[in-house]
1. If you take the residues in the range 489-528 that are open to solvent by less than 40 Å² (accessible area, probe 1.4 Å), charged (D, E, K, R) and not in a helix (DSSP H, G or I), which one is modelled with the lowest pLDDT?
2. If Ser21 satisfies all but one of (1) loosely packed, with under 12 Cβ neighbours inside 10 Å; (2) modelled with pLDDT under 95, what's the number of the condition it fails?
3. Kindly list the number of the only condition in (1) closer than 25 Å to Leu387 by Cα; (2) open to solvent by less than 90 Å² (accessible area, probe 1.4 Å) that fails for Glu406.
4. From the list Ile300, Ile311, Ile243, Ile273, which residue is in contact with a Lys or Arg (Cβ under 7 Å, 6 or more places away or on another chain) and either surrounded by fewer than 16 Cβ atoms within 10 Å (Cβ to Cβ) or in contact (Cβ under 8 Å) with a residue 40 or more places away in the chain (or both)?
5. Considering only the range 299-330, how many residues are part of a helix (DSSP H, G or I), more than 16 Å from Ala171 (Cβ to Cβ) and not basic (Lys, Arg)?
6. Please pick out the residue among Ser305, Ser319, Ser256, Ser247 that is touching a His at 6+ places or on another chain (Cβ under 8 Å) and hydroxyl-bearing (Ser, Thr, Tyr).
7. Looking at the range 462-488, I want the residues that are more than 14 Å from Ser385 (Cβ to Cβ) and have a partner that is open to solvent by 40 Å² or more (accessible area, probe 1.4 Å) with Cβ atoms under 7 Å, at least 6 apart or on another chain. Which pairs are those?
8. Would you call Lys116 open to solvent by less than 10 Å² (accessible area, probe 1.4 Å), of a type in the set (D, E, K, R) and assigned to a helix (DSSP H, G or I)?
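The values are calculated or read from the model by the stated rules, or taken from the named source; none is laboratory data. Note that the structure is predicted; figures quoted are calculated from it, not measured. Methodologically, a virtual Cβ is constructed for each residue, glycine included, from the backbone with ideal geometry; neighbour enumeration extends over all protein chains shown. Just the protein is used for accessible areas: all its heavy atoms, side chains included, with ligands, DNA and RNA removed. Shrake-Rupley method; radii C 1.70, N 1.55, O 1.52, S 1.80 Å.
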Amino acid sequence: MAVSELSQVLLSKIPFNKTNSFSKSFLDYIEGKEALTSFYNRLPSIENFKLQIEEKHFSNENRVVLSEVLKKQYDGFELSQATAQNIELLKAGTTFTVTTGHQLNIFTGPLYFIYKIVTVINACKALKKQYPTYDFAPVYWMASEDHDFEEISYFRFNGKKFSWKTDQTGAVGRFDPKSLKPIFDEIISLPDFFKEAYLKRSTLAEAGRHYVNALFGNEGLVVVDADNAELKNILKPVMFDDIFKHSANDCVTETSAQLDKAGYKTQVFPREINFFYLKGNIRSRIVKEGGEFHVLDTDIQFTESELRAEIEKHPERFSPNVVLRPLYQEMILPNLAYVGGPSELVYWLQLKEVFTHYETPFPMLMPRNFAGVVTPNIQRKIEKSKLSFEDIFKPEEALIQEKVKENTTNQLSLNQELEQLKSIFAEVLSVAKPIDITLEKLVAAEQKRAENSIQKIEKKLLKAEKRNQEVLVNRISAIKESLFPGGSPQERKDNFLNFYLSDPAFIQNCLDSLDAFDYQFHLMAAHD
């Protein structure tokens, strides 16, 4: 696609299957391959939302609970008119949500966190235009109950890794974030909304709400913290069923076997009990041993009657794992679609029967936006190297070899000589074989040795030519390092601050340039 056909910010769009970046499972899903159609309800086209709206029956009672909980959670926050309106609209039977979820990575973590939220916001705008009689609220679901601190404890900025040191344990959303202060002492240019979030709010979940609201509140984004007794109360029937009947385990085990049989790798492994016990700084698995229920790595245990009473009285103390968190989301939100990355969407395919069992509509699974940010310096290098935008997705060494060969007048290939060599040895064999059949192995061995020598010389020729074209080679390496730092996609490694601090319009440019329903990889221009 020519640059002139796109906006000033959007440089190009690359089909997923030409990026060398996605699994077969993800590509087959988004391409609608027949082998996967039984594992979801419908593909995420804007036209299919009509059917999803008709299917999503969400009780008025749960709408009121959700809206009131959100009002309480936003108490003490500067609420935009758009977000306040969406929270109020959630009470109406004509309002639906599009949701994305993410861990509470410090300082937002990798770039794709921003792309996830941009996707749900833009999806809701497009849906409102398509279905004007309905309202659509973009939702960010904070993974406040997650206890994998290592995954959220760092971010990368200007090529350096910054880590949070704390001995706090349990659900990360309950952590006190003030011990992040040393990072502010090291990076003095951090925006004020991060300082206010981490140094003034009492929990990591509140801090997350603060900075996400600062970045996206004007777009009407609603932040949900599901670590809440009133919301967990809606999930109680699932708690009883899973802990005492293990239905989810049976559903996912059967679906996983079907996916394996169809040739797709599965990522989620259910347990008999798919809940953690959540209290104070504890988030530990519940297991049944003998006739009693134990909380692993603690002295806490329950008889069945005691555990039933605990669920009834304190549902907030039961935290769903990866198998049931999606169901919890769909039970407390009038949700139509979940926006996620390739691995997320693939594991949701294992869960459809769980939703069927609990009589809850299965949401459409939307890929988030995927993007790379090209600085002016890198854009110049791409142009000088005469690379297409598709070229930059090729493996680095293969790309360098291809371009070095294109840009030389020297002969680098010895294929013709190799064929001549094979012809010579074929003649030698025709002479030797009638004399002594055992000489065949000797001729084959000598031929192999000679071929290896030719191939070795060919590699040396290419290596020498790379030195001759050092400027080109270095340009390509710089391009790859910018868009695939350390071999990983930029969006999975770099933090948005790398671009936002020099260009405060960065997020607005993302909102303007990325299309929620255009399932391709977007390349965007950045300002220096």
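1. So, considering only residues that are open to solvent by less than 40 Å² (accessible area, probe 1.4 Å), charged (D, E, K, R) and not in a helix (DSSP H, G or I), the one modelled with the lowest pLDDT is Asp503.
2. (1) is the only condition that Ser21 fails.
3. (2)
4. Working: Ile300 fails: in contact with a Lys or Arg (Cβ under 7 Å, 6 or more places away or on another chain); Ile243 fails: in contact with a Lys or Arg (Cβ under 7 Å, 6 or more places away or on another chain); Ile273 fails: either surrounded by fewer than 16 Cβ atoms within 10 Å (Cβ to Cβ) or in contact (Cβ under 8 Å) with a residue 40 or more places away in the chain (or both).
Exactly one of Ile300, Ile311, Ile243, Ile273 is in contact with a Lys or Arg (Cβ under 7 Å, 6 or more places away or on another chain) and either surrounded by fewer than 16 Cβ atoms within 10 Å (Cβ to Cβ) or in contact (Cβ under 8 Å) with a residue 40 or more places away in the chain (or both), namely Ile311.
5. 12
6. Every option except Ser247 fails the conditions.
7. Between residues of the range 462-488 that are more than 14 Å from Ser385 (Cβ to Cβ) and residues that are open to solvent by 40 Å² or more (accessible area, probe 1.4 Å), the close pairs are Leu462/Gln401; Glu465/Asn410; Pro485/Lys493; Gly486/Lys493.
8. Here the answer is yes, as Lys116 does meet what is asked.
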